[in-house]
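Read-outs: derived from the displayed coordinates by stated rules, not from any lab. All of these numbers come straight from a predicted model, not from anything done at the bench. Heads up, the Cβs are rebuilt from the backbone with ideal geometry, glycines too, and the neighbour counts pull from every protein chain shown.
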Number of protein chains: 2
Amino acid sequence: MGEERLSKKLHASGHRLTRQRRLVMEVLEESDEHLDAETLHDRAKARDANISLATVYRTLALLKNVGLVEEHRLGEDHAHFEAVQEDPHYHFTCLRCGRVIEFDAPQVMEVMQELRERYGLCITDVHLFLSGYCARCQPFEQGGQDED
Amino acid sequence: MGEERLSKKLHASGHRLTRQRRLVMEVLEESDEHLDAETLHDRAKARDANISLATVYRTLALLKNVGLVEEHRLGEDHAHFEAVQEDPHYHFTCLRCGRVIEFDAPQVMEVMQELRERYGLCITDVHLFLSGYCARCQPFEQGGQDED
DNA sequence: ATTGAAAATGAGAAACATTCTCAAAAAGGT
DNA sequence: ACCTTTTTGAGAATGTTTCTCATTTTCAAT
């Protein structure tokens, strides 16, 4: 799938295509969840037992720089990563069950346009992040039920 | 100012009003910047040399829980804190000079309403965070100029 | 005001995520 | 295949935030 795009982007930015970088990108693309570095490392180790956590972090930073990966802070103390999608989208996290809902919101584009006009900004990154309780978790609002 | 509100909120949630909690709240209210825990600790120490960093963190967590303080991730590896304001607002950070611009965006309310209707969510928190380059920093886009 | 139980604090240790260091290994142009 | 440069692995180091626990403080009831 993105094999070629990866190779292209890396070479264009003067970086080499390594087994580890291919692997990190693959794991990210195969998962539609938002993985944290450690989970990603675990999954990568299943296919390359020697890949190190440092390499995972380095690769994620690189892939982010070349625009193939996005980093999100979903209310936890660590980052989550996701292969860049076709169209922009934003996130809601349920504080109780941890479910993440992705959604689009064209209004955000308006907001960006207004900011550009009003402050002369050049915007490179947008994060809209909401949290609260999903429909299933509202009757309770706290306690110990986990994901699906 | 918020002395009474602090006392009220704390007692209502079964917590005590201590010298340290008053101090943390004061420092936050006197600053319109978004302080990180260490800066806040430094400023608090100027008035109570013994206040510990652990207490600052504990107090910030508590004040956040009772709705007096907001925590933001402004693209750095540590959190920033702010006394809750009258009306909601969002943030832009300049990646070069670090300037933070606050702005309102009524469109966000629309988005929330749509999400509530569509997914039955109960939303307790909203963060809209943009980054890029402010007007002053656009001619350069990288290098070493600092704040104002 | 005094007391006593429960909550909060200070100091440093611990936990956690992330970055750094550097010798050894791998990539890619020639 | 070779050589130069980049990348990697492993663990040490860093930075932020939380935990531990003995001591102190708060506050409701005396």
Review point. Among the residues of the stretch A:109-141, which ones are over 14 Å from B:Tyr133 (Cβ atoms) and more than 7 Å from every other protein chain (Cβ to nearest Cβ)?
Key: A:Met109, A:Gln113, A:Glu114, A:Glu117, A:Arg118, A:Arg136, A:Cys137, A:Pro139, A:Phe140, A:Glu141
Exercise for review: Give the residue that is nearest to A:Val108 (Cα to Cα), with candidates limited to residues of the stretch B:122-140 that are assigned to a loop (DSSP other than H, G, I, E, B) and over 24 Å from the mean Cα position of the chain (by Cα).
Suggested key: B:Gln138
Review point. So is B:Thr93 surrounded by 17 or more Cβ atoms within 10 Å (Cβ to Cβ) and either within 24 Å of B:Thr18 (Cα to Cα) or of a type in the set (Phe, Trp, Tyr) (or both) or not?
Key: no
Check your understanding: Inside the stretch B:64-104, can you point out the residues that are within 12 Å of DNA strand D (Cβ to nearest atom) and out of contact with any Leu (no Cβ under 6 Å at 6 or more places or on another chain)?
Key -> B:Lys64, B:Asn65, B:Glu71, B:His72, B:Arg73, B:Leu74, B:Glu76, B:Asp77, B:His78, B:Ala79
Practice item. Could you grab me the full set of residues in the stretch B:1-45 that are away from DNA strand D (no atom under 14 Å from the Cβ), of a type outside the set (Asp, Glu) and without any contact (Cβ under 8 Å) to a residue 12 or more places away in the chain? Key: B:Lys45
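So in the stretch B:16-32, with the set limited to residues that are loosely packed, with under 14 Cβ neighbours inside 10 Å and more than 15 Å from B:Ile51 (Cα to Cα), which one is nearest to the chain's Cα centre (by Cα)?
By that ranking, first place goes to B:Asp32.
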Exercise for review: Within the stretch A:39-49, identify whether any single residue is within 9 Å of DNA strand C (Cβ to nearest atom) and surrounded by fewer than 18 Cβ atoms within 10 Å (Cβ to Cβ), and answer yes or no.
Suggested key: no
Review point. Can you name the residue in the stretch B:73-83 that is more than 10 Å from chain A (Cβ to nearest Cβ) and touching a Lys or Arg at 6+ places or on another chain (Cβ under 9 Å) and, of all such residues, is surrounded by the most Cβ atoms within 10 Å (Cβ to Cβ)?
Key: B:Phe81
